[in-house]
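Peer 1: Submitted below is the structure of interest, expressed as structure tokens.
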Amino acid sequence: MSSLVDKSLAIKEEVNGLGCFRLHETMREYTNLKLQEANEGDLLQERYVGHYRTRCRQSADQAWSRTLEWLAWTELEIDNIRSILQRCIVRADAQLGLEIAGSMSYYWIMRATTESVRWLDELFASSPGSTHTQARACRLRGWLSLLQVDPITARSWLARAVAAARETGPLSLLSESLTTAANAETVAGETVAARRFLDEAEVLSQQLNDYPATVGVIQARVVEAMFQGDRDAARKASLEGMRLSREVGDLYMLGQMLLNVGLVAMMGDELEVSKLQFLEALRVAQQVDDRTAQFFLLTALGWHAANSSQARLAARLLGAAETVGAGAGSSTAGPFVPMVAAAKGLASEVLGTAKFDTEFEAGKRLSRDEAVRLALGASEHVELPGAAGAGAGPLAKRELEVARLIAEGMTNKQIAARLFISDRTVATHVGHILNKLGFNSRAEVAGWIGPPRP
């Protein structure tokens, strides 16, 4: 191409002093050379786009099994990929743009939720693309809406994904679309539709017998069980998913399953177990720079800290999570909303509203890296205040919390709702409290705690 440029410049220099006939002949030659330059430029551009189209398509199949290598390549090439997506929008080439954007799902989900929504929406607006391309892109768009806690929008996109996948296949894409659609229906409270999608996906996963289809079904089972409050089913499915994701090296799904196990443990008041799972999940999220997972894990660890008498740490982590969530384009949903509210309420009760607000704002000012380091390395202990005899006494931290709520006149059911534990766990704590203090009634516990704080 450089030789053409050199020749065209030489021709332009010859123009001066030439006769009319020779001038026209020279200009025709110059015009032909410029057309060749343009054609070569277009050809080079097409080859450039074709290279990234092929590379993205190949890398999509490697993302779950070679996550770190795939992410390293993506981080190096993301600006080139963005320029191609912009070119597709300008030229209304949604077919190519949606194909490339859809192949980048792991990157968008972990690091650029809001940006990817913009790309997909602009590409869909420029042209719908083929049915096959729509299936993958619509599934990704619905998945992103779920992360943004917009199940209504998610259901619409995923219905399109399922319909397109039924029409064009392959079965693996249909299975993935069905499980994501099942999650959206569950979050939206449409349990019958969710079960219908999940049942079909389970049949397909048995036919396919491959990892992506299997782990997608497992995750959908976990989501369903979580929203139904079935901790045993959620734990069983999460442990199965954790084993499979470790075996194949899928770091993204491993982090999800560790988070699941931690949440189930927290819901069962297994504080030490939950913390170990949350911290391992956060280390995985840090390793792959999964910003969405970091948001959920900072929130979970804030919840844990509030329930472990670490109110100051809880306030900071919850504040940091709010900032990280805003940056990642994610927020909590379903049964986790009251969990977060309960954590804020408990920490605020211990610190007082003014102190809690100060610590929460301090957490919001932390960078994402600072927040993750705080969660991984922080250690503090704040005793719950109570009567003189209740400050450290014979009661464990959780028993002391239950005793204080008894003193406020709460029933076991109300205490369970406040602390987000089961009625049975509350009853066990009450029995331990009575035994340790040598009391026979809740009134005696209330008297030992003393009057509520003003």
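The values are calculated or read from the model by the stated rules, or taken from the named source; none is laboratory data. Every value quoted in this text rests on a predicted model; they were computed, and no experiment measured them. Neighbour counts are summed over all protein chains in view; Cβ atoms, including those assigned to glycine, are modelled from backbone coordinates with ideal geometry.
Peer 1: Read through the list (1) modelled with pLDDT under 90; (2) within 19 Å of Pro212 (Cα to Cα); (3) basic (Lys, Arg); (4) in contact with an Asp or Glu (Cβ under 9 Å, 6 or more places away or on another chain), then give the number of the only condition that Arg111 fails.
Peer 2: Of everything listed in (1) modelled with pLDDT under 90; (2) within 19 Å of Pro212 (Cα to Cα); (3) basic (Lys, Arg); (4) in contact with an Asp or Glu (Cβ under 9 Å, 6 or more places away or on another chain), Arg111 misses just condition (2).
Peer 1: Looking at this structure, is Trp108 farther than 16 Å from His51 by Cα, free of Cβ contacts under 8 Å to residues at least 60 places away in the same chain and in a helix (DSSP H, G or I)?
Peer 2: yes
Peer 1: Name the residues in region 174-214 that are over 23 Å from His132 (Cα atoms), among the small types (Gly, Ala, Ser) and out of contact with any Pro (no Cβ under 8 Å at 6 or more places or on another chain), would you?
Peer 2: Gly189, Ala193, Ala194
Peer 1: Under 6 Å between Cβ atoms, which residue pairs at least 6 apart in sequence (or on different chains) link something in region 328-345 that is within 22 Å of Thr191 (Cβ to Cβ) with a partner that is among the acidic types (Asp, Glu) and part of a loop (DSSP other than H, G, I, E, B)?
Peer 2: Correct list of pairs: empty, since none qualify.
Peer 1: Here are some residues: Gly302, Gly327. Which one is assigned to a helix (DSSP H, G or I), out of contact with any Cys (no Cβ under 8 Å at 6 or more places or on another chain) and at pLDDT 95 or above?
Peer 2: Gly302
Peer 1: Let me ask you something else. Part of a helix (DSSP H, G or I), out of contact with any His (no Cβ under 8 Å at 6 or more places or on another chain) and within 19 Å of Lys355 (Cβ to Cβ): does that describe Arg316?
Peer 2: It is true that Arg316 is part of a helix (DSSP H, G or I), out of contact with any His (no Cβ under 8 Å at 6 or more places or on another chain) and within 19 Å of Lys355 (Cβ to Cβ).
Peer 1: Which one of Ala378, Ala392, Ala446 is at pLDDT below 75 and over 19 Å from Ala306 (Cβ atoms)?
Peer 2: Ala392
Peer 1: Right, next: Return only the number of the condition from (1) surrounded by fewer than 24 Cβ atoms within 10 Å (Cβ to Cβ); (2) touching a residue at least 24 places away in the same chain (Cβ under 8 Å) that Ala154 does not satisfy.
Peer 2: (1)
Peer 1: Sort through Gly216, Gly229, Gly241 and tell me the only one that's on the phi > 0 side of the Ramachandran plot and either in contact (Cβ under 8 Å) with a residue 24 or more places away in the chain or of a type in the set (A, V, I, L, M) (or both).
Peer 2: Gly229
Peer 1: Just to verify a result, which residue in region 190-207, among those that are surrounded by 17 or more Cβ atoms within 10 Å (Cβ to Cβ) and either of a type in the set (A, V, I, L, M, F, W, C) or closer than 22 Å to Phe420 by Cβ (or both), is farthest from the chain's Cα centre (by Cα)?
Peer 2: Leu204
Peer 1: So, restricting to helices (runs of 4 or more DSSP H) that lie completely within region 125-193, which ones have at least 1 residues that are within 26 Å of Ser330 (Cα to Cα), among the polar types (S, T, N, Q) and touching a Phe, Trp or Tyr at 6+ places or on another chain (Cβ under 7 Å)?
Peer 2: Hits in region 125-193: 131-147, 171-187.
Peer 1: Please pick out the residue among Leu96, Leu71 that is of a type in the set (A, V, I, L, M) and either without any contact (Cβ under 8 Å) to a residue 60 or more places away in the chain or over 19 Å from Ala328 (Cα atoms) (or both).
Peer 2: Leu96
Peer 1: For Gly319, are the conditions met, namely being out of contact with any Leu (no Cβ under 7 Å at 6 or more places or on another chain), more than 27 Å from Arg141 (Cα to Cα), crowded, with 18+ Cβ neighbours inside 10 Å and at pLDDT 95 or above?
Peer 2: In short, yes.
Here's the yes/no breakdown for (1) buried (at least 24 other Cβ atoms within 10 Å of the Cβ); (2) without any contact (Cβ under 8 Å) to a residue 24 or more places away in the chain:
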site: Gly268; (1), (2): no, no
site: Leu276; (1), (2): no, yes
site: Asp289; (1), (2): no, no
site: Ala300; (1), (2): yes, no
site: Ser309; (1), (2): no, no
site: Ala315; (1), (2): yes, no
